[in-house]
Amino acid sequence: MHRDSQRDCNCFNRRYFLKLASGATAAAFGGGSLFLAADARADALTKDLRDKLSPDQIIQAMKNGNARFRKGERKERNYLREQKVSVSGQYPAAALLSCIDSRAPAEVIMDLGIGDIFNCRVAGNVENADILGSLEFACKLAGAKVVLVMGHTACGAIKGAIDNAELGNLTGLLAKIKPAVQATAYTGERSAKNYAFVDAVARKNVEMTVADIRKDSPVLAELEARGNIKITGAMYNLETGAVEFFG
């Protein structure tokens, strides 16, 4: 199979997992795409199917989905079938912490379906006790294997933190981003009008949030130390549609 064809295939589907379970895809783990199925239809993940994936394979699946999205070649899905199959239980592969921004819906930009991921969305993709509890549920109890913090370019919450904006409860939320503003090394204009600085702060905010998740959640830190999960970050570019994974 041609390498490009492998990279663009749909990762979350039954035929792939049946091949994986039988050992037919063992040779693929040495390099190239890890997701070899050609069938475009995808049922919701089952526990057995999800548990056969490693954290790195799940991240690769999201990369593949974003590559399809950028090419306008998203796979056809039967959402009604996914909905019906997932009624009896959910077994998502990853838990995302992403921004509330309407232009950055993770399931769309990574070509995912019903039941593939948990998605916590809050302005500025900041973490707090409620977010951490949700991520702990997703990984420790529900079995997700990746925690991905995803920021994006031209983030309004980042701009607000830079400008010291104040508005009701938003003031407290933006205060959680200000340490990233202060920690961002940047020699140019440090203002919300400078989009390069805004994006630099957004990246630093993701990096610091990943570190804070490890520090503030012994549950998740232990799972990662054991190799059960991977905690990492990403940035979504609103202009190009590309998701840059940090690791």
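The values are calculated or read from the model by the stated rules, or taken from the named source; none is laboratory data. Please read all numbers here as calculations on a predicted model, not as lab measurements. Note: ideal-geometry Cβ built from the backbone for every residue, glycine included; neighbour counts use all protein chains shown. Only protein heavy atoms, including side chains, enter the accessible area calculation; ligands, DNA and RNA are left aside. Shrake-Rupley method; radii C 1.70, N 1.55, O 1.52, S 1.80 Å.
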key: Long-range HN-HN contacts of residue 78 with modeled amide H, under 5 Å   = 42
message = Net charge within 13 Å of residue 219 by Cβ-Cβ distance, Lys/Arg positive one each and Asp/Glu negative one each, not counting residue 219 itself?
response = 0
Cleavage-rule hits (trypsin sites (Lys or Arg not before Pro)) in the stretch 84-168: DSSP loop, at most 16 neighbouring Cβ within 10 angstrom = 103
request  = Please list the non-local residues whose amide H lies under 5 Å from the amide H of residue 96, H modeled 1.01 Å from N, same-chain partners needing a gap of 5 or more.
outcome  = 118, 119, 120, 148
remark   = The set of residues whose placed amide H lies less than 5 Å from the amide H of residue 152, leaving out same-chain residues fewer than 5 positions away, is 236
key: Descending semi-axes in Å of the stretch 141-220, equivalent ellipsoid built from Cα gyration tensor   = 25, 15, 11
query = Roughly how many Å² is the accessible area per residue of the stretch 37-128, as a whole number, for a 1.4 Å probe?
reply = 43
ask   = Given a Förster radius of 22 Å and the C-beta distance between residue 222 and residue 48 as r, what FRET efficiency does 1/(1 + (r/R0)^6) yield to the nearest 0.05?
value = 0.35
ask   = Accessible area of residue 210, 1.4 Å probe, to the nearest 10 Å²?
value = 10
query = Which sequence of 171, 153 reflects their accessible areas, 1.4 Å probe, from the largest down?
reply = 171, 153
ask   = With labels modelled as points extended 7 Å from the Cα through the Cβ direction, what inter-label distance (nm, one decimal) is found for residue 193 paired with residue 141?
value = 4.9
request  = May I ask you to give the solvent-accessible area per residue for the stretch 146-208, in square angstrom, as obtained with a 1.4 angstrom probe?
outcome  = 47
key: Probe 1.4 Å, all protein chains present, accessible-area order of 130, 212, 101, largest first   = 130, 212, 101
query = Rounded, prolate or oblate: which fits the stretch 36-183, taking a ≥ b ≥ c as square roots of the Cα gyration tensor eigenvalues, rounded meaning a/c under 1.5, else prolate when a/b beats b/c?
reply = prolate
